[in-house]
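Everything below concerns the one structure shown next.
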Amino acid sequence: MDEMGIGPEPSRSGLPLPAKILIGICALVPIAAVGIVVVMPVLLRARAVEGERRAAADLRAIAAAEQRFRSEDADGNGVRDFWTADVSGLHFFRAGGTPIRLLDAGIATADLDPRESLSSSAPRVGNWFRMLGRDATGNAFARDRAFGVSALPEPGRRGQRVFLIGEENVLLSRSFDGDVLTAGRPPALTGVFPADWPAKEEGRLWRKGE
């Protein structure tokens, strides 16, 4: 500072220290932006992979619950049939006043279309579950021999596939252009995926396995 006490002392480069700091920060901004552009797709893909892995595992758990429901006649109707009303019923359906609890509650409460309203619902690792309405022939599933259920990624999870499973315990998966669900809690179908088992002519669009 000079004898009059006016202004900061210039640095040896001729610029005040605050100006040098500001220039340094400005130089780092483009580098940070490039880093975000590079890293974000990697993070989004990792999220999609984890969502798909969980979807496959949870669908296998639903299929196992269906087989138990049928073999144990869990609804007590005297018929060896599957439960095709919804996903949540595999946990919350009451036989003799007691919930059957064949399925983990965390999966059951991610039911997109429960037969009875749930006290709370939420996606499970980015997925909602929904029983399919019709089989590959376009008819309602015959409960005594078939069922179909889907795992649907919540909105915004681009690149994450839709998964299906049925009584044969074979996973099918497919990517769609655009979200299959709307925003909201719970969301609704957008119409991109009809929530039916794919017809024979559409089979080539679906991949077997995870």
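Points worth noting:
- Residues in region 125-157 reached by a label modelled at GLU202 [backbone nitrogen below 16 Å; 7 Å Cα→Cβ]: 130-141, 148-153
- Additional length obtainable on full extension of the chain from THR137 to GLU210, 0.36 nm per residue less Cα span: 23.8 nm
- Calculated FRET value between ARG68 and SER120, using beta carbons and R₀ = 30 Å, to 0.05: 0.75
- Residues GLU154, GLU50 arranged by fewest to most Cβ contacts within 10 Å: GLU50, GLU154
- Rounded FRET efficiency, nearest 0.05, which uses the C-beta distance separating ARG145 from VAL192 and R0 of 25 Å: 0.30
- Gain on full stretching of the segment that runs from ASP104 to VAL170 - 0.36 nm per residue minus C-alpha separation: 21.7 nm
- The mean sequence distance of close C-alpha pairs (under 8 Å, at least 6 residues apart), as a share of the length of region 73-210, puts its relative contact order at 19 percent.
- Modelled FRET efficiency - R0 30 Å, ALA95 with GLU50, Cβ distances, 0.05 increments: 0.30
Read-outs throughout are calculated quantities, based only on the coordinates presented, and are distinct from any laboratory measurement. Bear in mind the structure is a predicted one, so any value in this text is a computation, not a measurement. A quick note on method: Cβ atoms are made from the backbone with ideal geometry, for glycine too, and the neighbour counts reach across all protein chains shown.
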